[in-house]
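Okay, so here's the structure we're looking at.
Rule-based calculations on the coordinates, nothing more; no lab input. In this text, all values refer to a predicted model and were calculated from it rather than measured experimentally. Here the Cβ is made from the backbone with ideal geometry for all residues, glycine too, and neighbour counts use every protein chain on show.
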Amino acid sequence: MIELLTKTPPSWAERAVSRLPELVADHAVCELQAAVFALALVGRYPGDPALVDRLSALAAEELRHFRKATKEARRLGAKPHTRRPNPYVSALRAACRGGREPEQGLDLLLVGALVEVRSHERFLLLVPHLSAEPRLAKLYAELAIAEERHGPAYLALAERHAGSEAAVARLAELLVVEARALEGPPGGPVAVHSPA
Ligand SMILES: [Fe+2]
Ligand SMILES: [Fe+2]
């Protein structure tokens, strides 16, 4: 179980819902990147059967989410954007240690866990604001259930990769990075991981 250090305020959801095409287009890219991230780990650690099985299944699930979100983005008339900066994920990736194991794998798996837990938190927050868009309310409620499993799945792999003690210690550090990565001036683009 991961307890994030900060709670997303309702103002984030209010702003996101006022600009739904922008949010859903960004969300579709997030799902695609979640699939790519999981598959990159499968490619990096092919000798770890638990990781290969869990993350290849997770990637397949993220790809299904991508297809659903893309369909909704098109329905809303959103402009497709397959490449865009995600300062939140970039800040987390920048904190990852490279070059030495188990540190490298531990950090990547913990970053995967944190992004999943934050996404789950935000999808849950969105649902009650979507009464005018029942299709999207249903989609985000459905996705929240899936993302709720993904955070613990990454965390369990992180603990296996580096041991429980190292994982817990590093998680505490990365939780601080995660909270800071969401600080930022308000008024920028609307995104799943935009500052509130
Ligand atoms: Fe997903
Ligand atoms: Fe996920």
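Of Ile2, Leu157, Ala38, whose Cα points farthest to the positive end of the dipole of the chain (charges on the beta-carbon: +1 Lys, Arg; -1 Asp, Glu; origin at the Cα centre)? Of the options given, the answer is Ala38. Along the Cα-to-C-beta direction of Glu103, a point sits 7 Å from the Cα; which residues of segment 140-183 have their amide N less than 20 Å from that point? Flagged as within label range: 158-178. If the cut-off is 17 Å between C-alpha atoms, which aspartates and glutamates fall inside it for Lys68, apart from same-chain ones fewer than 8 positions away? List returned: Glu22, Asp26, Glu31, Glu133, Glu142, Glu147. Selection among Tyr140, Gly105, Pro21 by position relative to the dipole of segment 10-181 gives Pro21 as farthest towards the positive end (Cβ unit charges, Cα centre).
Taking 0.36 nm per residue of separation and subtracting the current Cα-Cα distance, fully stretching the chain between Ala132 and Arg93 would add 10.4 nm. Reported to the nearest whole Å, the Cα centre-to-centre distance from segment 65-112 to segment 14-38 is 10. Of all lysines in the structure, those lying under 28 Å Cα to Cα from Lys71, and not within fewer than 8 positions of it along the same chain, are Lys79, Lys138. Select from the chain the helices, each a whole stretch of DSSP H, whose alpha-carbon atoms run 27 Å or more along the helix axis and whose Kyte-Doolittle mean is at least 0.0; answer none if there are none. Span-like helices here: 20-44, 103-126.
Its Cα centre serving as origin, the chain has a Cβ charge dipole (Lys and Arg +1, Asp and Glu -1) of approximately 780 debye.
When averaged across all projection directions, what area in nm² does the alpha-carbon convex hull of the chain cover? Kindly include the intermediate steps, with their values, before the conclusion.
On the way: hull surface 40.5 nm².
Across all orientations, the chain yields a mean hull projection of 10.1 nm².
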